Amino acid sequence: MTCIPRSRILPAAGLLALGLPAVATAQQTGPEVDFYGHINLGIINVDNGADSETALTDNDNSNSRIGLIYKQGLSNGGEFRLHFETALGFTGSSSINGDDNGLELNYRRTELRKFEAIYRSPTWGTLSFGQGSIATDGTAEADFSGTSVIAYSSLQDQAGSQVFQLAGGGASGFDVGDAFNAFDGGRRFRIRYDTPTYMGFSLAVSAGEEVLTSGNDDEFYDIGLKYDQDYGAYQVAARVGLSIRDSDEELLLGSVAVLHNATGLNLAVATGRQQEGDDSYVYIKGGIKRDWFALGETRFSVDYYSGEDFGVTGSDSESVGIAVVQKVDAWNTELYASYRTFDFDGTGANLLDQDVTFVGARWRF
């Protein structure tokens, strides 16, 4: 597949971005500014089969962050936005590894999540430029369970740096992040276009590159299709996407989720495949959410992940997890707890399973 050279991406995108302020001059309504964020800390315990460690950490499933949105309505019915969002830089659950488990504040430029200009047209869609979500961000995450704050398809966010131990003693050359991945898109410096929604469908395309990580200038070309529809008794969400990364790595991924409104029963399935290396996975999650208590909705889920050929051809990755989330509406808070196993076989070595327990809270403001 022919990819656009990087030398053409940024100049073209830059010219387009320079035109956005001109569009915004056709303003009609007064500007609005929204400030938001959340703090999401928890206690994680990791038993790697040889040792057990407990630490206070930021929850990388949804790390602590703040954001600011400037919105300006336009006379044509459209809207111009400036969006800034950054993580706070606390030590995260995906980075602790048993050797250094202290909760520290270490802000780096890679904490920047969004710094973008957005123009939304009422007729032809949305154009975004700057650091933000590529077109496959969220493609593996269709989910109505309400437990994604502690359990979702990207399992590596919970314990990605934890190293598997050898049954005979000592550390292996594999960690959780080597064995588990959802291939979900992230945030990059890109230009992105989203079509208007038609009968529940919308299409997004993006092209960009990594600019925040030193020594990494990988390119990303993504296309994603979304479907969201309420059928009365059921809600349905589906995602499918193709991501071409640095011109030679193609990832195909998707997810679908269904919610039965009356009972709160829900089901989610995600899958993905790396076209070159044959890495692949299936993730299945079942849950229920109900208003059993006056303080807020209670959510419970059970999930299963099965992966093949991660790290080593012929390997098998398996994980089973349970999670519970209790909303406390008066405090804008979610209390949560989870237990998860990580099993990695077929590497040529006998690796011990890992068990991870996590309890914490996310407070939104």
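The values are calculated or read from the model by the stated rules, or taken from the named source; none is laboratory data. The structure presented is a predicted model; accordingly, all values stated were derived computationally and were not measured. Using ideal geometry, Cβ is built from the backbone for each residue, glycine included, and neighbour counts are taken over all protein chains shown. Quick note on the areas: whole protein, heavy atoms, side chains included, nothing else; ligands and nucleic acids left out. Shrake-Rupley method; radii C 1.70, N 1.55, O 1.52, S 1.80 Å.
Computed values, structure above
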| read-out | value |
| --- | --- |
| Net charge dipole size for the chain [Lys, Arg +1 and Asp, Glu -1 on Cβ; Debye, nearest 20] | 1780 debye |
| For the chain: accessible area per residue (Å², 1.4 Å) | 46 Å² |
| Packing-based order for 177-190, 60-73, using average beta carbon neighbours within 10 Å, highest first | 177-190, 60-73 |
| Lysine pair number, Cα distance threshold 24 Å (strictly under), the chain, separation 8 or more or different chains | 6 |
| For ALA135, residues with placed amide H under 5 Å, excluding near neighbours | SER206, ASP222 |
| At R0 = 30 Å, FRET efficiency that the Cβ-Cβ distance of ILE322 and ILE66 yields, to 0.05 | 0.45 |
| For a label point 7 Å along the Cα-to-beta-carbon line of LEU88, residues of segment 342-365 with backbone N under 12 Å | 361-365 |
| Sulfur and carbon atoms: percent of accessible area, segment 252-365 [1.4 Å] | 59 percent |
| Highest-first arrangement of 109-120, 211-222, where packing means the average Cβ count within 10 Å | 109-120, 211-222 |
| Projected label distance in nm at GLN235 and ASN101, using a 7 Å step from Cα toward the beta-carbon | 3.7 nm |
| Kirkwood Rh, Cα atoms: Rg over Rh of the chain | 0.97 |
| The chain: relative contact order in percent, alpha carbon pairs under 8 Å with at least 6 residues between | 15 percent |
| Calculated FRET efficiency for the pair ASP248/SER214, C-beta based, R₀ 25 Å, to 0.05 | 0.70 |
| Table column - 3J(HN,Hα) (Hz), segment 130-139, Karplus curve with 6.51, -1.76, 1.60, x for Gly and Pro | x, 6, x, 5, 7, 5, 9, 5, x, 5 |
| Gain on full stretching of the segment that runs from PHE365 to THR123 - 0.36 nm per residue minus C-alpha separation | 83.8 nm |
| Modelled FRET efficiency - R0 51 Å, THR110 with MET199, Cβ distances, 0.05 increments | 0.85 |
| Residue-count net charge about SER64 - beta-carbon cut-off 12 Å; Lys, Arg +1, Asp, Glu -1 | 0 |
| Helix axis angle, 6-24 relative to the chain longest principal axis, alpha carbon, degrees | 50 degrees |
| Cα centroid separation, segment 339-357 to segment 105-171 (Å) | 23 Å |
| For segment 322-334, Karplus couplings with θ = phi - 60° (6.51, -1.76, 1.60), whole Hz, Gly/Pro x | 10, 8, 9, 10, 10, 6, 10, 4, 5, 9, 6, 10, 10 |
| Whether segment 171-286 is rounded, prolate or oblate, judged on the alpha carbon gyration tensor where a/c under 1.5 counts as rounded | oblate |
| Spin-label pair GLU308/ALA337, simplified geometry with 7 Å Cα→Cβ offset, distance in nm | 3.7 nm |
| Phi-based couplings in Hz for segment 199-210 (Karplus 6.51, -1.76, 1.60; Gly and Pro marked x) | 6, x, 9, 8, 10, 10, 10, 8, 9, x, 8, 6 |
